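The structure under discussion appears below in the form of structure tokens.
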Amino acid sequence: IFNFPSSSQLWMSRWGYTSDNPADYDQQEAGSAAAVAALEAVHGTKYDYGPISTTIYPASGSSADYVYGTCGAIYSYGVELRDTGKDGFLLPADQITPSGEETWAAVKALAGVMMADEAVMGEAAEDDMCCSGACTVEGEEKYYSIDTIHNMCGECCMNPDDYRKYHLFEPGLTKADNDSPCGPLGFHTYDSTVTHGFGNIKMTLDLYDPDSV
């Protein structure tokens, strides 16, 4: 979960209310490091990162602390966006799009760290598969997408009426012409089953690794 206020260019993890490090400190720091590196690579914007209490100041009652401490979400962050004082909270209009572009890159990099974390994703087990073979729910059809960043193929079953909604978040989402589209594309090895999104905009899909070369 993320909390995105501004400004100061800080990517901050737990805790806010105490300077003691949480049990998942190393994982949170790894996520922050990956996010900040990806963010800087887009437009050169530099962010500092670390726990809220030691990076900016002690702050109790934050949503990030609550989601981590009460809900158990390991990767919970408070992110202060551009800038570092020149314009403060009144960011010029020409910086809005660049800020969004670099922040999106950071979120995607963090997602990669999360997907590699077995404490979050769990170990792969074929009996957990959601979408193997033909879709079984009436009205649903098979779709797939190839993640070129992580070199994986994902299959899901969804109502065609929802395609436009999910295509906004996954441009590579494609309607399949068979029940196991990843296989013919060179992705036969089942990796894991994940759910992306939240609330009414979420999708569960089976992920497949590429065949050995």
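The values are calculated or read from the model by the stated rules, or taken from the named source; none is laboratory data. Note that the structure is predicted; figures quoted are calculated from it, not measured. Note that we place each Cβ from the backbone using ideal geometry, even for glycine, and neighbour counts take in every protein chain shown. For the accessible areas, the whole protein counts, side chains as well, though only heavy atoms, and no ligand, DNA or RNA atoms are used. Shrake-Rupley method; radii C 1.70, N 1.55, O 1.52, S 1.80 Å.
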- Message: 7 Å from Cα along Cα→Cβ at both N3 and N159: what's the point-to-point distance in nm?
- Response: 3.5 nm
- So what does T84 come to for accessible area, using a 1.4 Å probe and Å² rounded to 10? 110 Å²
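Calculate the dipole size of the stretch 1-67 relative to its Cα centre from +1 charges on Lys and Arg beta carbons and -1 charges on Asp and Glu beta carbons; express the result in debye to the nearest 20.
200 debye
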- Heavy-atom surface of the stretch 1-143, accessible at 1.4 Å and reported per residue (Å²): 53 Å²
- Using only alpha carbon pairs under 8 Å that are at least six residues apart, calculate the relative contact order of the stretch 1-152 and give it in whole percent. 32 percent
- Please work out how much accessible surface T195 shows to a 1.4 Å probe, ignoring ligands, DNA and RNA, in Å² rounded to 10. 80 Å²
- Task: Provide the three semi-axes, in whole Å and in decreasing order, of the ellipsoid equivalent to the chain as defined by the square roots of 5 times the Cα gyration tensor eigenvalues.
- Result: 35, 20, 16
- Item | Top positive-direction residue, dipole computed over the chain with Cβ charges, set C153, L81, Y143 | L81
- Please go through the residue pairs K108/K165; K46/K165; K108/K142 and name each one whose alpha carbons sit more than 23 Å apart in this structure. K46/K165; K108/K142
- Message: Please report the carbon-and-sulfur percent of the accessible area for the stretch 1-121; probe 1.4 Å, protein heavy atoms only, DNA, RNA and ligands left out.
- Response: 55 percent
- Task: Could you tell me which of G197, G31, Q9 has its Cα farthest along the dipole of the chain towards the positive end, charges placed at Cβ (Lys, Arg +1; Asp, Glu -1), taken about the Cα centre?
- Result: Q9
